[in-house]
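Q: Quick one: the structure is below, and I'll ask about it shortly.
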Amino acid sequence: MESFVVQGGKRLEGTLRVDGAKNAALPILAACVLTEEDVTLHRMPDITDVRRMEEILQMLGCRVERRGWDTIVSGMDVSSFEMPDQLSKQIRSSIFMLGPILSRFRRATVTYPGGCEIGLRPIDLHLSGLRALGVVIREEGGVIQCDGRGMHAGEVHFDYPSVGATENVMMAAACLPGVTTIHNAAREPEIVDLMGFINAMGGRVAGAGCATITIEGVKRLHGCAYTPMPDRIVAGTLLAAGAITGGEITLTNAPSGDMHAINAKLREMGCAVREEGDCIYLRAPARLTAFPLLQTQPHPGFPTDMQVQMLALLCVSEGTGVIVENVFENRFTHAGDLNRMGARILCSGRTAVVRGVEGLCGAHVTARDLRGGAALVLAGLKAQGETQIDHAALVDRGYERFEDQLRQLGAQICRIQTQE
Ligand code: EPZ
């Protein structure tokens, strides 16, 4: 097992370039199956979730090749409509393959992706959206058999604006004759990016970023070259690293237009945050001020994927603050570890009340999920003494060599091998 070891107390400062977004890259990789032609993806993030998705594509018959900064995906030889079980269990995002495989083969077999640390992660909205397009779905013993021979364009209404379900329907409808409309669609920026990719392949999608998306089916989609958008959650996490250490951070290639909620919260805590095009400048005060309340919401509300990082900031802020996690049911799993470092967090259901303390003490803690692991690293940057964060591999799912990036900003952090 690999662990991060952090010597806290260093003020971070410097400039970093933001990499491609995990949550844009994953559905875009899935959408490569919509065409038989080659797709060139520039500057894909080098993270394990992307590598696993590439393995899934290869097991379906795609050729995936990395050439320097480019990833070339050829869907010409895709021959299987059955998702490999062992891989679909490893990465939940494999559920994104449903739409493209149905578009290509009019049939698909996947297994339930299963839950994870942060919640049950049901897929009922994915399935109801596909049923609205005429897909006949049988669920037996964890296996989902989809018959798309009667697929047609249609009206889809989501009870909840699910990101993945919206993306699955967009991909399933891209080549369906007629116009499909999605009502109460998710509005995340990564969905806008998927629309950009599908349209770069010759698709006719409109309205992504709003609650109503229309997809006019086209006969076929062609290959293209595309660069996924930068990662707003990685960007927010790096800004939070500057904030918790009283530092001064500059980010380039940042999706500042998609980070208003994050930057507003950092300003509320006393940080000076300035956006100039794709650059974001943050200068933090010696001590942060607690925001009274943070509620996670679907975009453009405060993103749930930044919640636990803000929880870490709250722990060392002046005052008391409340966080309500409205999107996932179990996203305070790291409160216990933070309290072991001297924080004062009280959790009840989806609410955490935090009384800020002057400082934290280094401790031996364990990452339980991707964003929680990153938040423990942030706490370690602030804590006095040494903090060891086990299961660094969980952070590698969404952050490219997180320790290298932080070291470029002056952090004293390394990666070690440890016993399970
Ligand atoms: C995407 O997950 C992201 N993952 C998540 O990022 C992100 O937290 C989430 O959107 C919300 O923004 C990727 O894009 C790969 P949802 P997704 O469907 O699509 C419920 C990270 O750390 N729901 O919008 O699974 C669900 O239980 C990850 O990068 C249903 O009830 O999110 C949850 O409570 C974590 N039925 C809520 O909706 C469904 O069929 C939001 O889920 C689908 C979802």
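Q: Please go through segment 172-191 and pick out each residue that is away from the ligand (no atom under 13 Å from the Cβ) and part of a helix (DSSP H, G or I).
A: ALA172, ALA173
Q: Given the conditions (1) assigned to a helix (DSSP H, G or I); (2) touching a helix residue (DSSP H, G or I) at 6+ places or on another chain (Cβ under 8 Å), which single one is not true for ALA264?
A: That leaves (2) as the condition not met.
Q: Here's another thing I want to ask about it. Of all the residues that make up segment 105-126, how many are within 17 Å of PRO27 (Cα to Cα), assigned to a helix (DSSP H, G or I) and more than 6 Å from the ligand (Cβ to nearest atom)?
A: Residues that pass the stated criteria total 0.
Q: Can you say whether VAL169 is farther than 21 Å from GLY301 by Cβ and within 22 Å of the chain's Cα centre (by Cα), as far as the supplied structure shows? Can you show your working first?
A: On the way: farther than 21 Å from GLY301 by Cβ: yes; within 22 Å of the chain's Cα centre (by Cα): yes.
Criteria met by VAL169.
Q: Looking at ALA165, is it away from the ligand (no atom under 16 Å from the Cβ), outside any strand (DSSP E or B), touching a helix residue (DSSP H, G or I) at 6+ places or on another chain (Cβ under 9 Å) and not charged (D, E, K, R)?
A: no
Q: Moving to a separate point now. Considering (1) assigned to a helix (DSSP H, G or I); (2) buried (at least 16 other Cβ atoms within 10 Å of the Cβ); (3) not basic (Lys, Arg), say which one GLN86 fails and leave the rest.
A: So the condition that GLN86 fails would be (2).
Q: Can you name every residue in segment 1-58 that is over 25 Å from THR366 (Cβ atoms), more than 14 Å from the ligand (Cβ to nearest atom) and assigned to a strand (DSSP E or B)?
A: Answer for segment 1-58, where residues must be over 25 Å from THR366 (Cβ atoms), more than 14 Å from the ligand (Cβ to nearest atom) and assigned to a strand (DSSP E or B): GLU13, GLY14, THR15, LEU16, ARG17, ASP38, VAL39, THR40, LEU41, HIS42.
Q: Need the failing condition index for VAL163 against (1) farther than 23 Å from PRO113 by Cβ; (2) within 16 Å of the chain's Cα centre (by Cα), just the number.
A: With (1) farther than 23 Å from PRO113 by Cβ; (2) within 16 Å of the chain's Cα centre (by Cα) applied to VAL163, the lone miss is (1).
Q: Okay, next question. Based on this model, can you work out whether ASP77 counts as surrounded by fewer than 22 Cβ atoms within 10 Å (Cβ to Cβ) and either closer than 21 Å to ASP193 by Cα or under 22 Å from the mean Cα position of the chain (by Cα) (or both)? Break it down into steps so the answer makes sense when it comes.
A: Working: surrounded by fewer than 22 Cβ atoms within 10 Å (Cβ to Cβ): yes; either closer than 21 Å to ASP193 by Cα or under 22 Å from the mean Cα position of the chain (by Cα) (or both): no.
Against the criterion (surrounded by fewer than 22 Cβ atoms within 10 Å (Cβ to Cβ) and either closer than 21 Å to ASP193 by Cα or under 22 Å from the mean Cα position of the chain (by Cα) (or both)), ASP77 does not qualify.
Q: Another question about this same structure. Search segment 82-97 for residues that are over 20 Å from ALA24 (Cα atoms) and more than 13 Å from the ligand (Cβ to nearest atom) and pair each with any residue that is part of a helix (DSSP H, G or I) and not hydrophobic (A, V, I, L, M, F, W, C) when their beta-carbon atoms are under 9 Å apart and the residues are at least 6 apart or on different chains.
A: Matching pairs, first to second residue: MET83/SER94; PRO84/GLU55; PRO84/SER94.
Q: Inspect all residues belonging to segment 150-161 and state whether any of them is closer than 25 Å to PRO122 by Cβ, assigned to a helix (DSSP H, G or I) and modelled with pLDDT of 95 or more.
A: Looking through segment 150-161, none of the residues is closer than 25 Å to PRO122 by Cβ, assigned to a helix (DSSP H, G or I) and modelled with pLDDT of 95 or more.
Q: Determine if segment 53-69 includes at least one residue that is touching a residue at least 40 places away in the same chain (Cβ under 8 Å), loosely packed, with under 15 Cβ neighbours inside 10 Å, at negative phi and not charged (D, E, K, R).
A: The answer is no, given that none of the residues of segment 53-69 is touching a residue at least 40 places away in the same chain (Cβ under 8 Å), loosely packed, with under 15 Cβ neighbours inside 10 Å, at negative phi and not charged (D, E, K, R).
Q: Next up: Could you say whether any residue in segment 314-328 is more than 16 Å from the ligand (Cβ to nearest atom), among the β-branched types (Val, Ile, Thr), surrounded by fewer than 19 Cβ atoms within 10 Å (Cβ to Cβ) and more than 20 Å from TYR160 (Cβ to Cβ)?
A: yes
Q: To continue, here is another question. Out of (1) part of a helix (DSSP H, G or I); (2) within 12 Å of the ligand (Cβ to nearest atom), what's the single condition that is false for ILE101?
A: (2)
The values are calculated or read from the model by the stated rules, or taken from the named source; none is laboratory data. Nothing here was measured: the structure is a model prediction, and the numbers come from that model. Using ideal geometry, Cβ is built from the backbone for each residue, glycine included, and neighbour counts are taken over all protein chains shown.
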